[in-house]
Amino acid sequence: MTTSLRSALASMVADETLLPEGEHDQWAMAGDGGPLPAAVLAPGSEDELAGILGKSSEEGWRVLPAGLGRWLNGGGPSEADLVVSTRRMTQVREYEPADLTFTAGSGLSLKELHEKTDPHGQWLPLDPPGSHSGSLGAAVALGMAGPLRHLYGTPRDHVLGLTMVAGDGRVLRWGGRVVKNVAGFDLTRLTVGSWGSLGVVTSVSARLFPIPESDVTLAFPGSSVAELLPKARVAALSPLPLAAVELLDSLDPGDEAPGPALVVRLLGSAAQVDEMESRIVRDLGQSDGGTRRLQGDMSRALQRRLEDWEGGSHLSARLSLLPSKLGTLLEEVEGLRPLVVGWSEPGATMALSAHVGAGVVRLRVSKLPAREEALEPWITALRDLRGRMEDQGGSLVLSSGPPGLMREVGPWGTPGPERHLLEGLKAEFDPAGILASGRLNLP
């Protein structure tokens, strides 16, 4: 099928759109060693992409949408004949610094976007995992956010409008570049976080923010996350506009002071940050010292490490419960630690990081067993943990892991009552069901 499929595509797209077969390795659909697509395409326009998806819908070719390929293995294995990348759609179509808004092609990296807006003293405060290397469209399609969600929210809170090519080749435009838009169904927010299951995002309009004058991170040490949890709750519920409130069982191993810490980031004018620092130190009862203070470049360097926190892990997962149940969530995750000692390779490590205000815990594990049969205790434990999470109204999503574990546990969990709604939306925007097979528990 590979030869005939590539021949059919070569006759309908520009030469630069169809990538050489030798470049396919970086587009493995389940991480290194995963299955390779029969073809990888990087269309240069919405019209060309519409033609590709329209033909794919007619022929039943399965398509996995992608940006720059940085998060391609997120969400588990996906069976696809084609990977369609937006990496050539990078034009900044409109940018009005006075309006704090822009419209750009979805293939533009977040780093490149920052380079465009930084000279004007503006930024887009999105910090998904590995955000500097990922594309704008992928960040929107996956809907992921990092520590800055505490103050600035998630991609849904920033996107004003977008263009998407649906699974059947229709070009759809929703929203615009104004903060207030027409009433009705908010299809823009529907698309954010849809994991490419409804269509391929080709351009994004979003709001920007002034770059803060002062950037300070405070690290409050503790003997354990359980001991720090009461302080973390105080910080998360503070009326102060704290940019991030993170609870870590260990700061980066390369850091000067590893160990559990409550990390609070302060952004604003110099006077605002000084006032917030004074008040949060007092509110947390840290006036006797012991707080580690990072400012400017040092603060930003720590935050970049938190953005890349899951990088290089053998297993990464995100668990969520109501923020009021964060203690329960942390205890559940800690219950996996004996497996690191008894059922992992020598030198294995486990770490957790919590978005305190959102009730989200990130888990990373290195050096899981190399033999698939040795993964059985992990498979059983993760299944049971997911069941307990879902019984309490929460979730466990596996971002990445060994193929056998991802296959047996599944990335997404048990479909809820919203499944029928998701399937109806899928049928409307992708009637042939060619896009992002397996994502969000959709066929």
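Points worth noting:
- Residues located in the stretch 58-100, provided they are under 20 Å from Glu115 (Cβ atoms) and over 21 Å from the mean Cα position of the chain (by Cα): Arg88, Gln91, Val92, Arg93, Glu94, Tyr95, Glu96, Pro97, Ala98, Asp99, Leu100
- Within the stretch 106-149, the set of residues being in a loop (DSSP other than H, G, I, E, B) and under 20 Å from Arg439 (Cβ atoms) comprises Ser106, Gly107, Pro128, Pro129, Gly130, Gly134, Gly143, Met144, Ala145.
- Search result, residues across the stretch 39-56 that are surrounded by 21 or more Cβ atoms within 10 Å (Cβ to Cβ) and part of a helix (DSSP H, G or I): Leu49, Ile52, Leu53, Ser56
Listed here are the residues, each with its yes/no results for (1) at pLDDT 95 or above; (2) surrounded by fewer than 18 Cβ atoms within 10 Å (Cβ to Cβ); (3) closer than 25 Å to Gly167 by Cα; (4) touching a strand residue (DSSP E or B) at 6+ places or on another chain (Cβ under 9 Å).
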position	(1), (2), (3), (4)
Ser85	yes, no, yes, yes
Phe102	yes, no, no, yes
Gly105	yes, no, yes, yes
Leu108	yes, no, yes, yes
Leu113	yes, no, no, yes
Gly121	yes, yes, no, yes
Pro125	yes, no, no, yes
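- For the stretch 215-230, the tally of residues that are assigned to a helix (DSSP H, G or I), touching a residue at least 40 places away in the same chain (Cβ under 8 Å) and under 20 Å from Gln303 (Cβ atoms) stands at 1.
- At least 3 residues being crowded, with 16+ Cβ neighbours inside 10 Å is the threshold, and among the helices (runs of 4 or more DSSP H) wholly inside the stretch 328-428 those reaching it are 376-391, 403-409.
- Sole exception among (1) of a type outside the set (Gly, Ala, Ser); (2) outside any loop (DSSP other than H, G, I, E, B); (3) more than 23 Å from the chain's Cα centre (by Cα) for Thr103, by number: (3)
- Boolean, Arg93 is within 23 Å of Arg170 (Cα to Cα), crowded, with 19+ Cβ neighbours inside 10 Å and either of a type outside the set (A, V, I, L, M, F, W, C) or not assigned by TED's automatic domain parsing to the domain that holds Gly161 (or both): no
- Arg149 meets the conditions (1) at pLDDT 95 or above; (2) buried (at least 22 other Cβ atoms within 10 Å of the Cβ); (3) closer than 30 Å to Lys55 by Cβ in every case but one. The failed one is (3).
- Only one of the listed residues (Leu240, Leu262) is in a loop (DSSP other than H, G, I, E, B), more than 30 Å from Val92 (Cβ to Cβ), of a type outside the set (Val, Ile, Thr) and at pLDDT 95 or above. That residue is Leu240.
- Among the residues here, Leu19 does not qualify as of a type outside the set (Lys, Arg), within 22 Å of Ile434 (Cβ to Cβ), within 20 Å of the chain's Cα centre (by Cα) and at pLDDT below 95.
- The one condition from (1) in the same structural domain as Ala166 (by TED's automatic domain parsing); (2) in a loop (DSSP other than H, G, I, E, B); (3) of a type in the set (Ser, Thr, Tyr) that Ser78 does not meet is (1).
The values are calculated or read from the model by the stated rules, or taken from the named source; none is laboratory data. As the structure is a prediction and not an experimental result, all values here were calculated from the model. Backbone-built Cβ (ideal geometry, glycine too); neighbour counts: all protein chains shown.
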